[in-house]
Amino acid sequence: MATATSSFDRRRRRRRTALTGPVVLGLAALTALVGCSAATSSATRVARAGLVPPVHSLAAQSAPPGWHQARLPDGAAVLAFPPSMHLIAGDAGEVSAARLSAAGAFLLYLNSTPKQGAETLANWPAFRVRHQRGEDASSVRMLAARHGVRFLGGTGTCVVDAYVTRVHANHFTELACFVRGRTGASVIVAAAPTASWASAAGLLFRAVAAYRVR
C-alpha cells in the first residue's frame, strides 16, 4: 500500500458496481446539480450549526459495552466499532469496519492503518489534505483541525474534511487522525457520505474516541 490513508478511496473503486446503486446514484445526481462548493459549504454550515460534534470536543473514552474490537496485526492499536458495523477485508496490516446499504454502498466506514508515510503530529492537517488531492479527490476542503487530542494510550492530531471523488463525483466527509503511542504511530479514518454526515458523525466520533494505541 502506497500510503496509510488511501484504503477507503481504493475500496470505493473496487466496488464500482455497488456504488451505482440507488443511494449513491441519488447522492451523485444531487451533488452534480449543486456543485462541489455547495456540498462542502453545506458540511461547513452543518458543523457551525452544532449538528456535528466539533473536533475540539473529541476526547478519549473507553468503548461502550457491546462494541466489537479489532487489533492491528502489528498490535500497535485497537479499533472499536459498534454492532451495527462489521469487519471487511482490506490490505495487509490494516483493519476496517463498515456499514453498507442494501446496494453495497458505504454508509459508515472506519479504518486503522500503521504509519507508512511522512505523517507527523505536526504536519498531519496539511499532509492529509495533500494526500486526498493527490489520490482520488477532485476537491478537498478542510473544515476543522486540532493538535494535542488525547487518545487512550497516546496523543493525536485530527482533521475533519469534505471531499469529492473523481469517480462518480461522490461527496464524503471524514474525521481522520494521526495518533502516536509509546511504541508506534497509526492513522484512524472515520467517514460517511456528506449528505448523512450530520447523523453519522456522533457514532463515528465515538468510535474514534475509543481508539486505543500503545
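The values are calculated or read from the model by the stated rules, or taken from the named source; none is laboratory data. Treat the numbers as computed from the prediction; the structure is a model and nothing was measured. Positions of Cβ are backbone-derived with ideal geometry, glycine not excepted, and every protein chain shown enters the neighbour counts.
Of all residues in the stretch 50-76, which are part of a loop (DSSP other than H, G, I, E, B), closer than 20 Å to residue 158 by Cα and either among the acidic types (Asp, Glu) or modelled with pLDDT under 90 (or both)?
Listed by number, the residues that qualify are 50, 51, 52, 53, 54.
Quick check on the stretch 116-126. Is at least one of its residues in a strand (DSSP E or B) and buried (at least 18 other Cβ atoms within 10 Å of the Cβ)?
no
Residue by residue through the stretch 94-110, note down the ones that are assigned to a loop (DSSP other than H, G, I, E, B) and touching a helix residue (DSSP H, G or I) at 6+ places or on another chain (Cβ under 7 Å).
Scanning the stretch 94-110 gives 94, 101, 103, 104, 105.
Evaluate the following for residue 183: is it hydroxyl-bearing (Ser, Thr, Tyr) and in a loop (DSSP other than H, G, I, E, B)?
Judged against the criteria, residue 183 is a match.
Output the residue which, of all residues in the stretch 193-214 that are touching a helix residue (DSSP H, G or I) at 6+ places or on another chain (Cβ under 8 Å) and either in a helix (DSSP H, G or I) or acidic (Asp, Glu) (or both), is surrounded by the most Cβ atoms within 10 Å (Cβ to Cβ).
Out of the qualifying residues, it is 197.
Could you identify the single residue in 72, 58 that is touching a residue at least 40 places away in the same chain (Cβ under 8 Å), surrounded by 13 or more Cβ atoms within 10 Å (Cβ to Cβ), among the hydrophobic types (A, V, I, L, M, F, W, C) and touching a helix residue (DSSP H, G or I) at 6+ places or on another chain (Cβ under 7 Å)?
Every option except 58 fails the conditions.
Can you say whether residue 190 is in contact (Cβ under 8 Å) with a residue 60 or more places away in the chain, in a strand (DSSP E or B) and more than 24 Å from residue 64 (Cα to Cα), as far as the supplied structure shows?
no
Yes or no, residue by residue, for (1) within 16 Å of residue 112 (Cβ to Cβ); (2) touching a Ser or Thr at 6+ places or on another chain (Cβ under 8 Å); (3) modelled with pLDDT of 95 or more:
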residue	(1), (2), (3)
138	no, yes, no
148	no, yes, yes
168	no, yes, no
175	yes, no, yes
197	no, yes, yes
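Within the stretch 141-178, restricting attention to residues that are β-branched (Val, Ile, Thr) and surrounded by fewer than 20 Cβ atoms within 10 Å (Cβ to Cβ), which residue is nearest to residue 69 (Cα to Cα)?
If we take residues in the stretch 141-178 being β-branched (Val, Ile, Thr) and surrounded by fewer than 20 Cβ atoms within 10 Å (Cβ to Cβ), then 155 is nearest to residue 69 (Cα to Cα).
Of the residues 60, 126, which single one is touching a Leu at 6+ places or on another chain (Cβ under 9 Å) and under 16 Å from residue 189 (Cα atoms)?
It is 60.
Just checking, does the stretch 138-161 include any residue being outside any strand (DSSP E or B) and of a type in the set (D, E, K, R)?
no
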